[in-house]
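> Quick one: structure below, then a few questions.
The numbers here are math on the coordinates, done by the rules we state, and not lab data. This is a predicted model, so every value here is computed, not measured. With ideal geometry, Cβ positions are generated from the backbone for all residues, glycine too; neighbour counts draw on all protein chains shown.
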Amino acid sequence: MRLASRAPHLTRCGQPTPDRSLIASAVAVKVLSLRNEVVVPESRPHATLALIGWLALCFAVGIVASIFAAPAIPTWYAALHKPPLNPPNQAFGPIWTVLYTLMAVSAWIVWKTRPSSCRRRGLRLFCIQLGLNFLWPWIFFGTHQMLTALFDLAALWAAILITILTFRKMSTTAAWLLVPYLAWVTFAGYLNFAIWRLN
């Protein structure tokens with residue numbers, strides 16, 4: 001009697017065919033890892049109120065910060081030498097209105113995702129960059145410390161970038177919504193540096 005051989009099945013290229021049970025196990029492990037790593041958006045109660053809350057937070061920062069800027073703009077700031085590409089004063093209000101709206105929606109999208117350490121870290125970073133955003137008008141317009149304000153902008157730029165990279169792990173939409181904000185802070189850094197050098 002001849003014993004049946006248990007040689008592995010070969011493909012046309014002469015390579016052994018993978019064991020189906022091993023493939024199934026690998027797929028199961030991959031699915032479990034994805035469930036642990038990827039934060040999936042979920043339906044959360046009071047989502048509309050949360051959006052209003054994020055909008056209120058962002059615009060409150062802008063409104064309070066403008067208190068430091070408003071008195072200095074027609075006096076101290078008007079007397080400074082300005083670099084090329086310096087926007088008119090009337091442009092800042094509409095630009096920041098758009099940016100604060102995009103920022104709030106971005107944070108809201110991340111807030112709606114499933115609770116996780118990544119979500120907590122992302123929202124914490126968002127609040128940190130918002131605090132640095134708040135400090136800049138007080139440093140620049142309130143204390144007239146232009147070089148210190150430039151360092152604050154550098155820290156703000158880094159915080160925004162890290163926030164974008166963290167948000168991207170949960171929502172590419174939320175990450176992209178912060179890109180115009182990063183671009184504007186980059187431009188603001190140019191203006192801050194140029195004004196410091198010229199004055």
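> Within segment 141-163, which residues have the backbone N less than 18 Å from the label spot 7 Å out from ASN199 along Cα→beta-carbon, could you tell me?
From segment 141-163, the list is 141-154.
> Right, here's the next one. I need the peptides 188-195, 71-78 ranked by packing, meaning the mean over residues of other C-beta atoms within 10 angstrom, with the highest value on top.
Taking the mean over residues of other Cβ atoms within 10 Å, the ranking is 188-195, 71-78.
> Another question, then. May I ask you to evaluate 6.51 cos²θ - 1.76 cosθ + 1.60, the Karplus curve with θ = phi - 60°, for each residue of segment 140-157 and list the ³J(HN,Hα) values in order in whole Hz, giving x for glycine and proline?
Computed from phi, the couplings for segment 140-157 are 6, 8, x, 9, 6, 8, 5, 5, 4, 5, 5, 5, 4, 5, 5, 5, 5, 4 Hz.
> Spin-label point model (7 Å from Cα, Cβ direction): what's the THR101 to VAL179 distance in nm?
1.9
> Now for a separate question. Using all C-alpha to C-alpha distances in segment 47-198, build P(r) with 5 Å bins and read off the rounded percent in each one.
Histogram of Cα-Cα distances, whole percents per bin: 2, 9, 18, 23, 19, 12, 8, 5, 2, 1, 0.
> Give the calculated FRET efficiency between PHE187 and ASN89 to the nearest 0.05, with a Förster radius of 22 Å applied to their Cβ-Cβ distance. Show your work: numbers first, answer last.
Numbers: r = 15 Å, r/R0 = 0.70.
Efficiency, rounded to the nearest 0.05: 0.90.
> Using the Karplus curve 6.51 cos²θ - 1.76 cosθ + 1.60 with θ = phi - 60°, what ³J(HN,Hα) values do you get for each residue of segment 159-168, in whole Hz, with x for Gly and Pro?
Once rounded to whole Hz, the list reads 5, 5, 4, 5, 4, 4, 5, 6, 4, 4.
> For segment 42-96, compute Rg over Rh where Rg is the Cα radius of gyration and Rh is the Kirkwood radius from the inverse mean 1/r over Cα pairs. If you can, show how the numbers build up before the last one.
Numbers: Rg = 16.9 Å, Rh = 14.0 Å.
Reported Rg/Rh, Kirkwood definition of Rh: 1.20.
> What is the extension gain from ARG168 to ILE128, computed as 0.36 nm multiplied by their sequence separation minus the C-alpha to C-alpha distance, in nm to one decimal?
12.7 nm
> Another question, then. Mind listing the phi-derived Karplus ³J(HN,Hα) values for segment 170-184, rounded to whole Hz, using 6.51, -1.76 and 1.60 with θ = phi - 60°, and x for any glycine or proline?
10, 7, 5, 4, 4, 5, 5, 5, 8, 4, x, 5, 4, 5, 5
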